[in-house]
Amino acid sequence: MPTEDTVDEKHGTVLDTVIQVTQAEHELGFWKGAKLYPKAKKYGQLYEGEYIISAPWQTGLGMGNAVGQLVGALACGWPLERFGRKHTLAACCCWSIAWIFMQFFSSNLTILCIGEIFAGLGYGFYVVIAPVYASDVCPLALRGVLTASVNLAFVIGQFIAQGTAAGVEGRTDALAYKIPFAIQWVWPVMLLVGLCFAPESPYWLVRQGRRDDAKHALEKLTSNKDRTDLDAMLVLTEETDLFEREIEASTTYMDCFKGSNLRRTEICIMVYLIQVIGGNPLIGYSTFFFTQAGLASANAFYMGVGNTALGFVGTCLSWPLMLKYGRRTIYIRGMAVMTTILFVIGFLDIPKHNTGAIRAQATFMDIWTFVYQMTVGPICFVLICEVSSTRLRGRTIAIATAVQSLFGIVFTIGMPYMLSSEQGNWKGKAGYLFGAISACCLVWCYLRLPETFGRIFQELDIIFDAGISARKFASYEVVQEVHELQKVE
C-alpha cells in the first residue's frame, strides 16, 4: 500500500507535468503550437525515439513574437505622425503579408524565429493603431462602443484560433502547420481593401495644415443630412488642436512625460498594465486547475471555448453598461469584484488535494473572466483613447502598450516557476499574490482614475490642464464656449 509521501510525490509529479505542458502552450502560442508538433520531425531532434523541439527553441519562438510586439509598439509613434493613420496601417498590412510568407515557407527554425520576431513588430503597430484610429474618426456618441470593440476583436480572434486548432488537430501532414499561417493572410488583405474606402484621421490632417483634406475626411464620416455641420465640426477639430499646441509645442515621446501629459500617460499605462498584473497570468492557467480537478484533457479545449464565449458576452454587455454608468464606475466595480475572486481562489487552496475546492477555483476563474471582459478589458481601450491628448495619442498608447508587453513577458516566464511543485509550489495560493496586486490597483483606480464619459477631447484637455482630481472629473464644469462646441459633436 503506498505511503502518504509516495502519493504526494506522485501527485506533485503529475502537477509538474501539467504545468510544463500548460507553459509550453503559453510560450508557443496558437500558431507555433499548431505547427511544431507535426513539423517536429523536420525541425526537431531525435530524443529517446521521438522527434522534439528543444526547449531553447520553444522559448525563442514563443518569446519572439512578444518581443517584436514590444519593439513595434514603441516604433509606431513616429510613422503614425509622419505618414498618418491610414497609410501607416496600410504599410503594416503589407509588412504582415511579407513576414507571414516567410513563416509559411520557412525551412528551418532560424528563419521561422526571425519571421516570428518581425511579424511581431507588425502586431505591435496594430495594437496601437486600432484604438488611435478608432477614437480619431468616430463621434462622441459612438466613441466608447467603437474603442471597446478592440477588446471584442481580441475575443473573436481567440474563437478563430480555437476553431483552426480543432480543424488541424488530427492532421499529420504539412498542412497542419501551414493552414494556420495561411489564414493569417486573410486579415491584412481584407484591411487593405477596406482602407481604399476609409478616410484619414481629421485630427491628423488638421495638424498637417491640410484643412481641405480634413473637411473631405469629415464628409466621408458623416451622412448627407449632417453635412451642414461640417464647417462647425472642422472648427471644433481645429480648436482642439490649437488648445493642445498651447500646452505642448512638440509631439515627441518626452512630451508624454511633461506637464499635464505626465498624468495622462500614467493613467494610460496603469489601466493597460492592470490587464496583466491584475490576475490575467493566473487565470490563463485555468486549464491547469481543471486538469487537477480530474477533467479529461480532451475536454480542456471545450472549456477554453466556453471561457472565450464568456468573454464575448461580457464585452457586448459592457457597451450598454458604459453608456449608463460611465467608465470610472464600471472599471472600479469590476476591479473590486475581480480582487475578491482572486482572494477566494487563494483561500480555496487551503484544503489539500480537495477535488471540490479545485473545481470551485476553476469555476471562479471563469467568473473572473466574465467580469474582466465586461469591465476592465474593454473599458481599458476606451480610457487610453479618451485620456491621451489628440496630439500625443499615438505615442502615449505606444508607451502603455510597450510597458504592458514587457510585464506580459515577465509573467509568461515567471508563472511556471510560481506554480511548479519543484519551485514555488504556489498553485492556487497565487491568488493571494494577484489579489494583493489587484487590491493596490483598486486603490490607485479610486484615487487616480477619472470619469471621461460624455466629454469631447477639448473638454478633457481643459480639465487635465486645470489639474482637477479624478473624483471631481464628472462634476467639473468647463467654460460655456466649450459646451457650445460640444453641441456641434
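The values are calculated or read from the model by the stated rules, or taken from the named source; none is laboratory data. Bear in mind the structure is a predicted one, so any value in this text is a computation, not a measurement. Cβ sites come from the backbone with ideal geometry, for glycine too, and all protein chains shown count toward neighbours.
Remarks
- Members of region 223-251 found to be exposed (fewer than 15 other Cβ atoms within 10 Å of the Cβ) and either over 21 Å from Ser388 (Cα atoms) or modelled with pLDDT of 85 or more (or both), listed by number: Ser223, Asn224, Lys225, Asp226, Arg227, Thr228, Asp231, Ala232, Val235, Leu242
- Arg391 satisfies every condition listed in (1) part of a loop (DSSP other than H, G, I, E, B); (2) charged (D, E, K, R); (3) out of contact with any helix residue (DSSP H, G or I) (no Cβ under 6 Å at 6 or more places or on another chain) except (3).
- Helices (runs of 4 or more DSSP H) wholly inside region 111-211 containing at least 1 residues that are touching a Gly at 6+ places or on another chain (Cβ under 8 Å) and under 24 Å from Gly68 (Cβ atoms): 140-168, 175-184
- Residue in region 78-85 that is out of contact with any Gly (no Cβ under 7 Å at 6 or more places or on another chain), of a type outside the set (Gly, Ala, Ser), closer than 18 Å to Val193 by Cα and at pLDDT 90 or above present: yes
- Looking only at region 341-367, and only at residues there that are more than 19 Å from Asn425 (Cβ to Cβ) and without any contact (Cβ under 8 Å) to a residue 12 or more places away in the chain, the one that is surrounded by the fewest Cβ atoms within 10 Å (Cβ to Cβ): Gly356
- Count of region 173-192 residues, restricted to those that are within 22 Å of Ala130 (Cα to Cα) and of a type outside the set (A, V, I, L, M, F, W, C), is 2.
- Tabulated pairs, region 100-115, first closer than 11 Å to Leu61 by Cα and without any contact (Cβ under 8 Å) to a residue 60 or more places away in the chain, second among the aromatic types (Phe, Trp, Tyr) and part of a loop (DSSP other than H, G, I, E, B), C-beta under 9 angstrom, 6+ apart or interchain: Ile111/Phe105
- Per this entry, Gly408 is not counted among residues that are of a type in the set (Gly, Ala, Ser), touching a residue at least 24 places away in the same chain (Cβ under 8 Å) and under 23 Å from Leu323 (Cβ atoms).
- In region 87-98 there is no residue matching the filter, namely being at pLDDT 90 or above, touching a Ser or Thr at 6+ places or on another chain (Cβ under 9 Å), within 20 Å of Phe181 (Cα to Cα) and crowded, with 21+ Cβ neighbours inside 10 Å.
- Given (1) buried (at least 19 other Cβ atoms within 10 Å of the Cβ); (2) at pLDDT 90 or above; (3) among the polar types (S, T, N, Q), number of the condition Gln458 does not satisfy: (2)
- Considering region 381-434, the residues that are within 18 Å of the chain's Cα centre (by Cα) and of a type in the set (Lys, Arg) include one that is nearest to Leu205 (Cα to Cα), namely Arg393.
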